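The values are calculated or read from the model by the stated rules, or taken from the named source; none is laboratory data. Quick caveat: nothing in here was measured; it's all calculated off a predicted structure. All Cβ positions, even for glycine, are placed from backbone atoms using ideal geometry, and neighbour counts span all protein chains on display. Please note that ligands, DNA and RNA were not included when accessible areas were found on the heavy atoms of the full protein model with its side chains. Shrake-Rupley method; radii C 1.70, N 1.55, O 1.52, S 1.80 Å.
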Amino acid sequence: MTIQEDSSSRNSDVLAAFETEDQPASGGRLEAAIDHLRREWQLYLMLLPMVIWFIVFLYKPMYGLQIAFKDYSIFRGIAGSPWVGLEHFETLFANDQFLRAIKNTVTISALNLLFGFPAPIILALMFNEVLHASYKRTAQTIVYLPHFISSVIIAGIVITAFSPTAGIVNTIMGWFGLDPVYFLTQPEWFRPIFIGTGIWQEAGFGSIVFLAAIAGVNPSLYESAVVDGANRWQMMWKITIPSILPTILIMLIIRIGNIMEVSFELVILLYQPATYETADVVNTWIYRQGLQSGQYDLAAAAGLFNAVVAFILVMTANTLSRRFSRTSLW
Amino acid sequence: MSGVVLNKIVKKYGALQVVHGIDLKIDPKEFVVLVGPSGCGKSTTLRMIAGLESITAGTLAVDDRVMNKVAPKDRDVAMVFQNYALYPHLNVADNIAFGLKIRKVPKAEIRQSVQEVAEILGLTDYLARRPSDLSGGQRQRVAMGRAIVRHPKVFLFDEPLSNLDAKLRTQMRAEIKRLHKRLGVTSIYVTHDQVEAMTLADRIVVMNEGRIEQIGTPMELFNNPANRFVAGFIGSPPMNQLHGFLEADDAGPVAQIGRLKVRLPKSEVLENQNGKPVVLGIRPEHVTVDEVPGSFPIRINLDLVETLGSEALLHTDLDGMTFVARVETLGEISHLSGVDTLHVKPDLLKLFDAETGRSLSVDARTGT
Ligand SMILES: Nc1ncnc2c1ncn2[C@@H]1O[C@H](COP(=O)(O)OP(=O)(O)O)[C@@H](O)[C@H]1O
Ligand SMILES: [Mg+2]
């Protein structure tokens, strides 16, 4: 026995395309565009504040980017400064401190990706297994909280906790007869503390997006699996994780695109000259060169380099994701 | 007693009771359909059988084994869900194999079972596709494949066809029926659609507000509805229910429906009940335009004619009550427009107690 089926009766959700009215056949593109604008002006009006924001804060500053190729002086102004070609980039790549900053940025980001990225996912999966409603709510509130505390205070708490004299960490170590460690002045401790702090601060809040994705999973998938004999562990691996995989990949793409953006405030707040060796990242270096030493043109060149690398990373991550998992940002 | 036995099954959500003591015996290989309006507790009952909901009171037994506390996976039942419940990230073959993989069935055996099931369901060419690349009917088939592949003792279906369009639903209905004939597995099927119930069931269980109204074969329910609810639920269009009261004359009891008198057979139930409010049930199918032997005429005002092709629905007014007749057209409806009298075959009339709604189980005889 085989079954034939009319292929015209495909389920409509497969074909849930967004339909728009056909454009009028007569008239040029411009007329069509004006006509479109006249009909949909409310939507464009709502879009306007965002467009203005982009222009003022993201596109207008791009004009200043040209100083990366100029011998800039504030007295001559941007237009009046002479072009110097790639001189600043040559200086940059001959600078050991800059190269060290790139290496630190990539290392810290990679470690962050390795430990910081899975943390909110694991947290979300764990919350999802908690059945007691009020216990779950309380636990969630507690882990969301650090996100709403200013980085300055977070850093203050961390510095206090790791302080060699009164810090809780050294106190506890003292109970076991261990000598106090000057954590924040030792280069090898900077990265673990920095990444740990980042997880503490953001993992809870970051788990919200994954919890939302989990909430969107069709409950009858689980019921069907229960009848099939799956236990909770199997349901997590075979249903929950694959179902939220698109969300995970999107978040990963965004994260990879931000590899060059190590949380700048937290580094500034936690590092000190003694730990520059492992802690100084591109953005902190730019900050010191540009704002503290007044080398705006060199800092702009470094910033431009940073942005180009980030752009390439996002494009690559998106393409790879689209190819291998049918999920992509655009 | 083998088969599935429900004994005074009750379901409460907190203080809210939604299933009020269901008694039901389902024989092995039987196809039983639970039907009733939406919210009447069909799904809840089915889910208690599957083990997806706890049973508040009463016992559930499958082949003499009490299942109340048995985990769903050990009940040897398979369920087909309304929205198919297919795993979007797995292809058809892996979806069908899911239950077997969970049970750690050897790989070679899984592959063979999946192949067999795919052949039965005509899915062989689609095994490598994801559910999102299938039509609604194909998805439904994959969902059934997942159930079939496990060779369970009982199939549970919860409105499996209600996401399909009308044409495909008719087609899949026939497939399910054929599949049941071929596999012979006890099946419990939930639907709110009485046509689906009538066409699929060996026996139908009509439910309303968490209670069973009547259990019987499709024809039993059609011919002898136990009460006004079943009479109104089974059959399309539903049975006409005309309010009136009992009278008696020298020849015996009559039902007085407006100006219409319908002679009733002599019966103990109807004795000394003068003035008792009753409801006379007349199926739209049991009415003709032309006089037939033994029929009695009723005078109506024709309101509207709906053409169905070989038949037409006459919406009429009978002394202020709506009355629907389903009559043959013989390919022609012009003669229907002037109709002012219809003829009723008396032997198929039903009489109900207007207060309790129960059938008085007497067939009315002749009208005067
Ligand atoms: N989890 C629940 N909590 C409270 N009430 C419920 C729950 N599930 C179902 N109900 C109620 O139980 C009644 C029966 O539901 P259901 O069995 O799904 O009806 P149906 O016959 O349409 O399948 C409904 O009134 C519904 O609102
Ligand atoms: Mg239901």
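Being buried (at least 17 other Cβ atoms within 10 Å of the Cβ), under 20 Å from the mean Cα position of the chain (by Cα) and within 16 Å of ligand 1 (Cβ to nearest atom): is that true of B:Val5 here? Break it down stepwise before answering.
Details: buried (at least 17 other Cβ atoms within 10 Å of the Cβ): yes; under 20 Å from the mean Cα position of the chain (by Cα): yes; within 16 Å of ligand 1 (Cβ to nearest atom): no.
Against the criterion (buried (at least 17 other Cβ atoms within 10 Å of the Cβ), under 20 Å from the mean Cα position of the chain (by Cα) and within 16 Å of ligand 1 (Cβ to nearest atom)), B:Val5 does not qualify.
From the set of residues in the range B:23-42 that are open to solvent by 40 Å² or more (accessible area, probe 1.4 Å) and within 9 Å of ligand 1 (Cβ to nearest atom), which is farthest from B:Phe222 (Cα to Cα)? Per the criteria, the residue is B:Gly39. For the range B:141-156, the candidate set comprises residues that are open to solvent by less than 10 Å² (accessible area, probe 1.4 Å) and part of a strand (DSSP E or B); within that set, the residue that is nearest to ligand 2 (Cβ to nearest atom) is B:Leu156. Would you check if B:Gln112 is within 12 Å of chain A (Cβ to nearest Cβ) and outside any strand (DSSP E or B)? The answer is no for B:Gln112.
Can you pull out the residues in the range B:75-102 that are part of a helix (DSSP H, G or I), surrounded by fewer than 20 Cβ atoms within 10 Å (Cβ to Cβ) and within 8 Å of another protein chain (Cβ to nearest Cβ)? Reasoning before the result, please.
In the first step, residues of the range B:75-102 are kept if they are part of a helix (DSSP H, G or I); the result is B:92-102.
Okay, now just the ones that are also surrounded by fewer than 20 Cβ atoms within 10 Å (Cβ to Cβ), so B:94, B:101-102.
Matches in the range B:75-102: B:Ile102 only.
Only one entry of B:Ser162, B:Ser135, B:Ser187, B:Ser113 meets the criterion of being within 16 Å of ligand 1 (Cβ to nearest atom) and either closer than 30 Å to B:Gln17 by Cβ or surrounded by 17 or more Cβ atoms within 10 Å (Cβ to Cβ) (or both), and that entry is B:Ser162.
A residue that is out of contact with any Gly (no Cβ under 8 Å at 6 or more places or on another chain) and at the interface with another protein chain (Cβ under 7 Å from one of its Cβ atoms) can be found somewhere in the range A:225-235.
Could you check, for the range B:47-59, whether at least one of its residues is under 19 Å from B:Ile148 (Cα atoms), outside any helix (DSSP H, G or I) and either of a type in the set (Ser, Thr, Tyr) or away from every other protein chain (no Cβ under 11 Å) (or both)? No: zero hits. Of all residues in the range B:12-51, which are free of Cβ contacts under 8 Å to residues at least 60 places away in the same chain and more than 11 Å from ligand 2 (Cβ to nearest atom)? Scanning the range B:12-51 gives B:Lys12, B:Tyr13, B:Gly14, B:Ala15, B:Leu16, B:Lys25, B:Met48, B:Gly51.
The set of residues in the range A:269-284 being in contact with a helix residue (DSSP H, G or I) (Cβ under 8 Å, 6 or more places away or on another chain), surrounded by fewer than 17 Cβ atoms within 10 Å (Cβ to Cβ) and outside any loop (DSSP other than H, G, I, E, B) consists of A:Ala274, A:Glu277.
When the range A:113-158 is filtered for residues that are over 20 Å from the mean Cα position of the chain (by Cα) and of a type in the set (Ser, Thr, Tyr), the ones remaining, listed by number, are A:Ser134, A:Tyr135, A:Thr138, A:Thr141. For the range B:273-368, the strands (runs of 3 or more DSSP E) that sit wholly inside it and include 3 or more residues that are open to solvent by less than 30 Å² (accessible area, probe 1.4 Å) and over 18 Å from B:Pro225 (Cα atoms) are B:311-318, B:321-328, B:341-344.
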